[in-house]
Amino acid sequence: MIRGGWKNPLKRRDQLYIIAEILAIAKKGVLKTQIMYRANLSFTQLNDYLGLLLEMGLIEAINKGEKIHYRTTEKGLHFIQDYKKITSLLNREGEWGISQWRF
């Protein structure tokens, strides 16, 4: 059985939730500190996630003068859409009987 439930992902955020949150924050291009505060991540966590997202092509770094902005790529926007679809399906656990399954 899934502990903590799918309805409140803020109880304990998993990696996919954090990735989707970072991508949503960076849709229009933001600074690293804005992502860090809005996603409630430490500096180390943020750097780890940004490195992963850059490597996967889900986010891009854009030089704007002396500052670097991070913006979600088209691939990242697709990730957000797919993540929403999956969580929507899992949130309908009563309809599908997911709460009965053992993982």
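When the charge dipole of segment 15-90 is built from unit charges on Cβ atoms (+1 for Lys and Arg, -1 for Asp and Glu) and taken about the Cα centre, the candidate among Ile18, Asn47, Gly29 whose Cα reaches farthest toward its positive end is Gly29.
Here Glu74, Glu60 are placed in order of increasing Cβ neighbour count within 10 Å, fewest first, which gives Glu74, Glu60. Amide H to amide H distances under 5 Å link Gly29 with Thr72, where only residues 5 or more positions off or on other chains count and H is placed in the peptide plane. When a/c reaches 1.5 or more, the comparison of a/b and b/c decides; with that in mind, is segment 15-90 rounded, prolate or oblate per its Cα gyration tensor? Prolate, since a/c reaches 1.5 and a/b exceeds b/c.
Each reported figure results from applying straightforward, stated rules to the coordinates on display, with no laboratory input. The structure displayed is predicted, hence computed values, not measured ones. As a convention, Cβ positions derive from the backbone with ideal geometry for all residues, glycine included, and neighbour counts pool all protein chains shown.
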